[in-house]
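Scroll down for the structure; my scribbles are underneath it.
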Amino acid sequence: MKAKIATTWLDGCSGCHMSFLDIDERLLAIADRIELVYSPLVDNKVFPDYVDVTIVEGAVASVDDLAKIKKIRKHTKYLIALGDCAINANVPSMRNPIPVQEIINRAYVENAFIHDVMPKHPALPELLARVMPIHEVVPVDVFIPGCPPSNDTIFYAVAELLDGRIPDLTNKTRFGA
Amino acid sequence: MAANGQIKIFTLKIDGKDVSARSDQTVLQVCRENEFFIPTLCHLEGLSNIGACRLCMVEVAGQRKLLPACTTMVSEAMEVTTTNDKLAHYRKMTLELIFSERNHTCSVCVSNNHCELQFLSQKLGINHIRVPYRFPKFAVDASHPYFILDHNRCILCTRCVRVCDEIEGAHVWDVSGRGIQAKVITELNQPWGSADTCTQCGKCVNVCPVGALSEKGRSVAENTKRSGFLPYLTARRKEKI
């Protein structure tokens, strides 16, 4: 049976997904063992009921991220935090010492040359007071630090999981790698 | 050391292995000589030892508490344990607390790939921090013509304080505040650029294990350090060369 794999991004830059795609032709080698059921790379808009491995890039920064990660955790067997944003909130968390309203005001009013109004629309998710690593919100099974982790590291981690092992990445990557 | 200043030779056990040591050596020195790995951050060869970072904690038979290897002198028949589950647990926890206290954003730090904190976290197998980050608000002092002080990255090892006092003899640096409020300061908490006592030698920058002190003009991952000068300098001064 093929392993059901999902990937998603929260507050990140998509660099980890780029690194994931840099696995290149080795993806073909594992293609017949996996089924990509949900990802920014595929069309499915609804998170499936059951996923074997979900790879999450990015930190938890908005109410939308919060709802997403809780839902993912509920329907996922192995949750992988991919990259520094997911693991230590990284660059997105640099706003944490400053109140949210001050930041939004700075970006959309103080520094705006035209249309200087605070953004407000039902489709815009509210920012949380504090950007958090994923494991502060839900339990995480595998951590892959790096900004971004190298394609070799990601491939190794995925291959190990497909073989039924929890990958040991101590010698392969680190914060900021 | 004996009362008359004579140095003795002791025999002690480190992780079950017999080693000999001079009576004026610390447990850390003897462990390193014999290639037992002990992590350190505040220790630096050539500076005084203060036992601040608590990463070099070891077990000594007969002692109820863990002892910092850098400030514990050797003694005859001492039995030292450098590695076990308990020590690994405390070392990891200590390092994680250091990470959680300030804003160590490795990916955009001047010291990325040249950082002792970053390397040690990997060496000790830390892939996430189990305690919540504090995300404190700290300033950056860029008033000095050549150097930058970023409190966000500081781990309060006080290597800068000691090298400036003990080696350069200028004593520009100090620590102000207590506990979580503690921070390194120049002169009486004046901007570094206005510190008349600073000789601009850069020793503090080169011994800083992290990205707290850096040379101006260095971007992400460009802040290489050269702390190798220190043991030579102190050795030469001892011999009055």
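The set of residues in segment A:145-168 being surrounded by fewer than 24 Cβ atoms within 10 Å (Cβ to Cβ) and of a type in the set (G, A, S) consists of A:S150, A:A159, A:G164. For segment A:78-89, the criterion of being free of Cβ contacts under 8 Å to residues at least 24 places away in the same chain and not hydroxyl-bearing (S, T, Y) is satisfied by no residue at all. For segment A:44-75, taking the residues that are assigned to a strand (DSSP E or B) and small (G, A, S), the one that is farthest from A:C13 (Cα to Cα) is identified as A:S62. The number of residues in segment A:113-144 being touching a residue at least 40 places away in the same chain (Cβ under 8 Å), exposed (fewer than 14 other Cβ atoms within 10 Å of the Cβ) and outside any loop (DSSP other than H, G, I, E, B) comes to 0.
Inclusion of A:N105 among residues that are within 21 Å of A:T173 (Cα to Cα) and either surrounded by 13 or more Cβ atoms within 10 Å (Cβ to Cβ) or aliphatic (A, V, I, L, M) (or both) is not warranted.
Can you name every residue in segment B:200-241 that is of a type in the set (V, I, T) and either surrounded by 13 or more Cβ atoms within 10 Å (Cβ to Cβ) or in contact with a strand residue (DSSP E or B) (Cβ under 8 Å, 6 or more places away or on another chain) (or both)? It would help to see each step written out before you state the result.
Residues of segment B:200-241 that are of a type in the set (V, I, T), as a first pass: B:205, B:207, B:210, B:220, B:224, B:234, B:241.
B:V205, B:V207, B:V210, B:V220, B:T224, B:T234, listed by residue number.
Which of (1) in contact with a Ser or Thr (Cβ under 8 Å, 6 or more places away or on another chain); (2) outside any loop (DSSP other than H, G, I, E, B) does B:I180 not meet, given it meets every other one? The failed condition is (1). Among helices (runs of 4 or more DSSP H) entirely within segment B:72-162, having at least 2 residues that are facing chain A (nearest Cβ under 9 Å) and closer than 28 Å to A:P139 by Cβ singles out B:116-123. Of the residues screened, B:S176 is one that is hydroxyl-bearing (S, T, Y), surrounded by fewer than 14 Cβ atoms within 10 Å (Cβ to Cβ) and over 23 Å from B:S111 (Cα atoms). Condition check for B:M93 on (1) assigned by TED's automatic domain parsing to the domain that holds B:I126; (2) farther than 25 Å from B:A182 by Cβ: one failure, at (2).
What do you reckon, is B:A69 in contact (Cβ under 8 Å) with a residue 40 or more places away in the chain, more than 14 Å from chain A (Cβ to nearest Cβ) and surrounded by 17 or more Cβ atoms within 10 Å (Cβ to Cβ)? In short, yes.
Of everything listed in (1) under 13 Å from the mean Cα position of the chain (by Cα); (2) more than 10 Å from every other protein chain (Cβ to nearest Cβ), the single unmet condition for A:N90 is (2).
Which one is surrounded by the most Cβ atoms within 10 Å (Cβ to Cβ), of the residues in segment B:1-49 that are among the small types (G, A, S) and closer than 25 Å to B:R236 by Cα? Spell out the reasoning first.
Filtering segment B:1-49 down to residues among the small types (G, A, S) leaves B:2-3, B:5, B:16, B:20-21, B:23, B:46, B:48.
Cutting the leftovers down to closer than 25 Å to B:R236 by Cα gives us B:5, B:21, B:23, B:46, B:48.
Details: B:G5: 7, B:A21: 24, B:S23: 15, B:G46: 19, B:S48: 13.
Result: B:A21.
The values are calculated or read from the model by the stated rules, or taken from the named source; none is laboratory data. What you are looking at is a predicted structure, and each value in this text was computed from that prediction instead of being measured. So basically every Cβ, Gly included, is an ideal-geometry build from the backbone, and we count neighbours across all protein chains shown.
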